[in-house]
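Peer 1: I have a structure here, written as structure tokens, and I will follow up with some questions on it.
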Amino acid sequence: MYVKILDRYILKSFITTFTTVFVILLLIFILQTVWLFIAELAGKDLDLILILKFLLYKMPSLVPLVLPLSVLLASIMTFGDLAENYEFAAMKSAGISLQRIMRVLTLFILFLSGSAFFFANNVIPYAEYKFINFRKDIAQMKPAMAIAEGQFSEVGSYNIKVNKKSGENGNFLTGVTIHKKTNIYDGSKNVIKAKTGELISNDQSNILKLVLKDGYYYEDIVPKKYEDRKKLPFAKSSFKKYIINIDLSQLNATSEEEFKIKDTDKMLTMNELLYTLDSLNANYRKEVISISDNMYLRMGNTYSNFNTSKVNTNSTLTPQLLANVSLADKANLLNLANNYNTNNTFSIESYKAELDNKIETINEHWIAVYDKFVIAFACLLMFFIGAPLGAIIRKGGLGLPIVFAVTIFIIFHFVNTFGKKVAQENEISPFLGSWLATMILFPLAILLTYRATNDIGLINMDRIITPIQKFIKKILPTQNE
């Protein structure tokens, strides 16, 4: 009966601390996200609903960073409070061991790890897909967001400035000035001015139509003769209606390639990743065979292009190989051989770069598979580091626990990022790169759990001080004598 009450008390303390820490850290990372995307959100006439959707789709990708750190900090704080208030001493005096105290929280962390795997496998891929496509949808729903009032905004090959925007989506423009980018070497400039304009977009198209009305078109003319350039000639024309087509992929400073990607590794569940990996590996093998056959045929054609009638092919010595060939033919053969060697070397390097890109893509998908398991195991690992560490340091609150938690998490995050980067470049296997950080911290979890269970401090000072004391005792009698 008393043990169940104690389990509820420990579980309630941990969940309360964990929830508070998780929310605070998530808000901090959200603010960092806003800072990273401030150029896309600021001064673009976005309403609150669109901004909230933008952050909502980005928020799930922050959970793999926030969740392990929250578990680590909450574990240190909870067990540090229990130890600092001598509650652990009371429990141990009642015959309750540290393993029994951690049992209910271990079950909770196992449930949390399973939920983290489900979240990483289902929610994050869907949110990532929605986030990338939502950035394009913003441009289609509110095409005027790329143009700010009273300042020049770069959109594709145009610099556009408007005095005022109106309409529900800011589609109607007043006082439009456009500088069209041209070849910087010929020194020409194109300027378009119009009284009014309208932005027209289509959800099914990537083309944004800018319709200008009642304006003028100015263009500098660069004469072929240099002396005529001093006259600064230009052409001017007026128009009642002028249409400019702008590629929507230029909006928000987001590349068109990013919008075209629909099946990146971050957007796929584990089953979809494994299916994609089968296709990628099969395609890689076909590419290797194709390149091998191509190089074999190329080398065969190279040999057939040589005029070997005068070449002593039976000779194995280089000086005698071209013994019966004239100097002119020797020069032609050597030049031809050098050209073929250069071409083949260039082809091999190109093929190698192509195969390296394919291997990098395969490694990225394997890393995405392992990441779904790493986040689940990281929660369990951080708990078995934080809980015994809190019991050892016997400090709760936000002081010393934050120092230990941030230090351990920085090590984990740095090693994890480094390992995945090296694995992506095929220096190590994707499995080792993804699990490298957990492999390094796993012995620390075992060590801390052992020391906390046996009531051993974080650092055993006796092992350091005792040899020094013995050494001093041996020296002091000698000095007295």
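Peer 1: Taking the criterion of being aromatic (Phe, Trp, Tyr), closer than 30 Å to residue 453 by Cα and part of a helix (DSSP H, G or I), would at least one residue in segment 378-395 satisfy it?
Peer 2: yes
Peer 1: Further question on the same structure: Is it fair to say residue 375 is within 18 Å of residue 446 (Cβ to Cβ), buried (at least 19 other Cβ atoms within 10 Å of the Cβ) and in contact (Cβ under 8 Å) with a residue 60 or more places away in the chain? Steps first, answer last, please.
Peer 2: Values: within 18 Å of residue 446 (Cβ to Cβ): no; buried (at least 19 other Cβ atoms within 10 Å of the Cβ): yes; in contact (Cβ under 8 Å) with a residue 60 or more places away in the chain: yes.
No.
Peer 1: Which residue is most open to solvent (accessible area, probe 1.4 Å), if the candidates are limited to segment 419-444 and must be touching a Leu at 6+ places or on another chain (Cβ under 9 Å) and without any contact (Cβ under 8 Å) to a residue 12 or more places away in the chain?
Peer 2: By that ranking, first place goes to 439.
Peer 1: Next question, about the same structure. Restricting to segment 329-359, count the residues that are surrounded by 14 or more Cβ atoms within 10 Å (Cβ to Cβ) and modelled with pLDDT of 80 or more.
Peer 2: 4
Peer 1: Scan segment 60-91 for residues that are open to solvent by less than 20 Å² (accessible area, probe 1.4 Å), under 30 Å from residue 267 (Cβ atoms) and either in contact with a Ser or Thr (Cβ under 6 Å, 6 or more places away or on another chain) or hydroxyl-bearing (Ser, Thr, Tyr) (or both) and jot them down.
Peer 2: Hit for segment 60-91 is 70, nothing else.
Peer 1: Using the structure shown, decide if residue 123 is under 16 Å from residue 7 (Cα atoms) and among the aliphatic types (A, V, I, L, M).
Peer 2: Considered against the rule, which asks whether it is under 16 Å from residue 7 (Cα atoms) and among the aliphatic types (A, V, I, L, M), residue 123 comes out as no.
Peer 1: Take the conditions surrounded by 14 or more Cβ atoms within 10 Å (Cβ to Cβ), among the β-branched types (Val, Ile, Thr) and modelled with pLDDT under 70 and apply them to residue 182. Does it pass?
Peer 2: Yes, satisfied.
Peer 1: Condition first: closer than 15 Å to residue 453 by Cβ, in a loop (DSSP other than H, G, I, E, B) and open to solvent by 60 Å² or more (accessible area, probe 1.4 Å). Now tell me which residues in segment 92-109 satisfy that.
Peer 2: Selection gives 95 alone.
Peer 1: Another one. Would you pick out the residues in segment 204-217 that are modelled with pLDDT under 80 and not small (Gly, Ala, Ser)?
Peer 2: Filtering segment 204-217 down to residues modelled with pLDDT under 80 leaves 204-208.
Across segment 204-217, the qualifying residues are 204, 206, 207, 208.
Peer 1: May I ask you to list the residues in segment 390-412 that are open to solvent by 80 Å² or more (accessible area, probe 1.4 Å) and at pLDDT below 90?
Peer 2: 394, 395, 398, 403
Peer 1: Counting only residues that are at pLDDT below 80 and open to solvent by 70 Å² or more (accessible area, probe 1.4 Å), how many does segment 445-457 have?
Peer 2: 2
Peer 1: Only one residue in 153, 166, 201, 188 is in contact with a strand residue (DSSP E or B) (Cβ under 9 Å, 6 or more places away or on another chain), surrounded by fewer than 15 Cβ atoms within 10 Å (Cβ to Cβ), of a type in the set (Gly, Ala, Ser) and modelled with pLDDT of 70 or more. Which one?
Peer 2: Among 153, 166, 201, 188, only 166 is in contact with a strand residue (DSSP E or B) (Cβ under 9 Å, 6 or more places away or on another chain), surrounded by fewer than 15 Cβ atoms within 10 Å (Cβ to Cβ), of a type in the set (Gly, Ala, Ser) and modelled with pLDDT of 70 or more.
Peer 1: Determine whether segment 405-416 contains at least one residue that is farther than 15 Å from residue 436 by Cβ and either in contact with a Lys or Arg (Cβ under 8 Å, 6 or more places away or on another chain) or polar (S, T, N, Q) (or both).
Peer 2: yes
The values are calculated or read from the model by the stated rules, or taken from the named source; none is laboratory data. Treat the numbers as computed from the prediction; the structure is a model and nothing was measured. Cβ sites come from the backbone with ideal geometry, for glycine too, and all protein chains shown count toward neighbours. For the accessible areas, the whole protein counts, side chains as well, though only heavy atoms, and no ligand, DNA or RNA atoms are used. Shrake-Rupley method; radii C 1.70, N 1.55, O 1.52, S 1.80 Å.
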